[in-house]
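All remarks here apply to the structure that follows.
The values are calculated or read from the model by the stated rules, or taken from the named source; none is laboratory data. As the structure is a prediction and not an experimental result, all values here were calculated from the model. Side chains included, ligands, DNA and RNA excluded: accessible areas come from the protein's heavy atoms. Shrake-Rupley method; radii C 1.70, N 1.55, O 1.52, S 1.80 Å.
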Amino acid sequence: MRTTGRTATGPTAGSQAAPPALHVRDVTVRFAGLTALDAVSFTVAPGSVHALIGPNGAGKSTCFNVLSGLCRPAAGQVLLGDTDLTGLAPHRIAALGVARTFQNIVTTEGTVADNLMLGRHALSRAGFAASALRLPSAVREQRAHLDRVREIAELTGLGAHVDTPVALLSYGDRKRVELARALCLEPRVLLLDEPVAGMNGVERAATADVVRTVREQLGLSVVLVEHDMGLVMRLADEVTVLDFGRRLAHGTPDEIRRHPEVLRAYLGTGAPDEAPKIPEAAETPEAAAIPETPQIPETAQIPEAAAITETTETTKATEATKATRPTPPTEETDVTEPPGENAP
Ligand SMILES: Nc1ncnc2c1ncn2[C@@H]1O[C@H](COP(=O)(O)OP(=O)(O)OP(=O)(O)O)[C@@H](O)[C@H]1O
């Protein structure tokens, strides 16, 4: 029999209890001579949406890789409550309740249900033999997993598509299958890596609603990496800003959008009046038309997003940013230092 630390197989299984806080403490990651994260600290409060933002190359994905176990930090700690996650293998971290989605993985094989059942695999208790022999206990468990899969599909707006091949879904729905599959692990913390990249305005609004719904109904914490500032300002309770691997600022969305250092990092200017603004959060859910133009320009583009979202105004702002964004500080080379564990 196979067991994990977390077994939630019943139809009503879910992450109802408040999740523990996720503490990131002085995390440093080096890739040979480059310090991708430099003693970065922040805490994701239980049940909150915590956005991690920053210009391209700021270290957001590296941070996600540390949180999900894909990257071992040279120094620092990641704690889920009192449990030390630092350096654990990805499957151990997932079993302890931290699930993630990936920026670019869009599933195309099997039906929605098939994909979500893959997400239940880590929670399965029936062994291979019991499943293959279709023993009653294994059949019951399989049924319970399928019921839960249907619930999660409903929650994520995929209820009508459970038996649809993923390849036939729209791009936005396929990306939500990734999100739903992560939820099938019954996480206490959900790491969302650019969940709306490449989506049109309607798909973004739908995904924003899904994130809000799963946070409210499952009571989990969400860590969000996203370039779409409209979405960040709308969803986040707190925002941590990274720049060149360092923590530049932390605060509420409102504090962050006025923060001179943040504006300087994104726009290459400390004069907010001269530059495009970080959008304010929409005040009502009905204001579903998430603007398709990110108002903080990016210095490099996510290819699929660029095709949909870029406008002349943004392009101009992006060019201005490229022209004024300072060069990264040169890493001090310590020739006596051995290469970090993540040296390529
Ligand atoms: N495997 C690696 N080997 C060497 N350098 C890396 C590796 N992964 C990331 N980096 C470097 O670390 C820095 C941080 O990269 P990271 O991908 O974390 O930034 P990011 O904020 O996620 O950027 P983006 O918004 O473009 O995804 C960058 O300078 C990047 O080139």
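Ranking LEU168, LEU34 by solvent-accessible area of protein heavy atoms (1.4 Å probe, all protein chains present), from largest to smallest, gives LEU168, LEU34. Figure note: ARG247, ARG258 ranked by solvent-accessible area, largest first, 1.4 Å probe, ligands and nucleic acids not counted: ARG258, ARG247.
In the context of the full protein assembly, ASP114 retains an accessible surface of approximately 80 Å², using a probe radius of 1.4 Å and ignoring ligands and nucleic acids. Ordered from largest to smallest accessible area (heavy atoms of protein chains, 1.4 Å probe), the residues GLU226, GLU255 come out as GLU255, GLU226. Counting only heavy atoms of the protein chains and using a 1.4 Å probe, LEU88 has close to 40 Å² of accessible surface.
3J(HN,Hα) couplings calculated from phi for the stretch 185-191 with the Karplus curve 6.51 cos²θ - 1.76 cosθ + 1.60 (θ = phi - 60°) are, in sequence order, 7, 6, x, 9, 10, 10, 9 Hz; Gly and Pro show x.
For ARG100, the residues 5 or more places off, or on other chains, whose built amide H falls under 5 Å of its own are LEU191.
Distance from the alpha carbon centroid of the stretch 27-77 to that of the stretch 156-222 works out to 23 angstrom. Close amide-amide hydrogen proximity is noted between ALA36 and VAL29, ARG30, PHE31, each under 5 Å apart and 5 or more residues distant or on a separate chain (H modeled in the peptide plane; Pro and chain starts excluded).
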